[in-house]
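Below you'll find the structure, written out as structure tokens, and then a few comments.
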Amino acid sequence: MRLLLDTCVCGGVAAELQAAGHAVEWSGNWPQDPGDEEILAYALREARILVTLDKDFGGLAVVQGLRHCG
């Protein structure tokens, strides 16, 4: 499974998911936070499921109808 972990998800989770065979990227390793809309768009472009605790993404995906991978 291809996953993108948001910065609010502990980076240590990435290692455990990778050990389980998943392709994981953690946005906490990025040089700067591009904002929620760009994170969601990046996940879509890269065909990654976004894992987050941030409720703002629900507003973007459900209320505004922005496309996403899950």
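The values are calculated or read from the model by the stated rules, or taken from the named source; none is laboratory data. Everything quoted here is computed from the prediction, not taken from an experiment. Heads up, the Cβs are rebuilt from the backbone with ideal geometry, glycines too, and the neighbour counts pull from every protein chain shown. Just so you know, the surface numbers come from the protein's heavy atoms only, side chains and all, with ligands and any DNA or RNA stripped out. Shrake-Rupley method; radii C 1.70, N 1.55, O 1.52, S 1.80 Å.
Among the residues of the range 19-38, those identified as more than 12 Å from L3 (Cα to Cα) and part of a helix (DSSP H, G or I) are A19, G28, N29, D36, E37, E38. A single member of A19, A15, A23 is surrounded by 13 or more Cβ atoms within 10 Å (Cβ to Cβ) and farther than 12 Å from T52 by Cβ, and it is A23.
Every test in (1) more than 13 Å from C69 (Cα to Cα); (2) more than 10 Å from the chain's Cα centre (by Cα); (3) at pLDDT 95 or above is passed by V24 save one, and that test is (2).
Quick check on the range 27-70: of everything there that is open to solvent by 70 Å² or more (accessible area, probe 1.4 Å) and of a type in the set (A, V, I, L, M), which residue is modelled with the lowest pLDDT? So, considering only residues that are open to solvent by 70 Å² or more (accessible area, probe 1.4 Å) and of a type in the set (A, V, I, L, M), the one modelled with the lowest pLDDT is V63.
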